[in-house]
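Engineer: Handing you this structure, nothing more for now.
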Amino acid sequence: MKIAIAADHGGFALKQQLIEHYQKKNVELEDLGTYTPEPVDYPDYGVKMARHILDGRADLGIAICGTGVGISMAANRLKGIRAALLYDDVSAQMAKKHNNANIIAFGGRTMAFDDVVRRIDIFLQTEFEGGRHQKRIDKLDEE
Ligand code: RB5
């Protein structure tokens, strides 16, 4: 599975920590920026990540801004994107099980590193249930 990661300046530090953490486990996160802590605009990174997923260049995106709210809003503007803010362990599990999210979002200023890693791992270990949930996520992309 290919995983990409993107952040604005509010998520930059957490992005760097996650890249390093998963590198130690031999899991490469493709880094879509931002590459410095200088202020940037979260919509640019949410949309960049969304296009990356829609083009099939990654199977899952991790998107981070200060709260995770802005960058998930930006990504969700593109049809076919299901960006979910994983605000606790249950949302991490259900975002895969019921929503089959293709982008998971976090807050670099609002969430602790260990909580974020645990939620990513829960998400990755959970299976999408399909069935009635597939019918519901299909409705998200109707006109
Ligand atoms: C940037 O200051 C901040 O607004 C942004 O990172 C994010 O939290 C927006 O939702």
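Engineer: For a quick check of your reading: which strands (runs of 3 or more DSSP E) sit entirely within the range 54-143 and have at least 1 residues that are aromatic (Phe, Trp, Tyr)?
Structural biologist: 103-107
Engineer: Is one or more of the residues making up the range 68-82 within 24 Å of Lys25 (Cβ to Cβ) and out of contact with any Gly (no Cβ under 7 Å at 6 or more places or on another chain)?
Structural biologist: Looking through the range 68-82, none of the residues is within 24 Å of Lys25 (Cβ to Cβ) and out of contact with any Gly (no Cβ under 7 Å at 6 or more places or on another chain).
Engineer: Moving on to the next point. Just the residues that are within 15 Å of the ligand (Cβ to nearest atom) and either closer than 25 Å to Glu127 by Cβ or touching a helix residue (DSSP H, G or I) at 6+ places or on another chain (Cβ under 7 Å) (or both), please, taken from the range 23-36.
Structural biologist: Gly33, Thr34
Engineer: Here's a follow-up. Taking the condition part of a helix (DSSP H, G or I), surrounded by fewer than 24 Cβ atoms within 10 Å (Cβ to Cβ) and away from the ligand (no atom under 15 Å from the Cβ), does Glu20 pass?
Structural biologist: Yes: the conditions hold for Glu20.
Engineer: Then there's this: Name the pairs: first residue in the range 109-126 and among the basic types (Lys, Arg), second residue assigned to a loop (DSSP other than H, G, I, E, B), Cβ to Cβ under 7 Å, at least 6 apart or on different chains?
Structural biologist: So the pair list comes out as Arg109/Gly10; Arg109/Gly66; Arg109/Thr67; Arg119/Leu86.
Engineer: A follow-up question, please. Which one is farthest from Gly11 (Cα to Cα) among residues in the range 37-91 that are within 16 Å of the ligand (Cβ to nearest atom) and surrounded by fewer than 16 Cβ atoms within 10 Å (Cβ to Cβ)?
Structural biologist: Arg77
FYI, it's all coordinate maths here, none of it is from the lab. Given the structure is predicted, the values throughout are model-derived calculations rather than measurements. Reconstructed Cβ throughout: ideal geometry from the backbone, glycine too, with neighbour counts over all protein chains shown.
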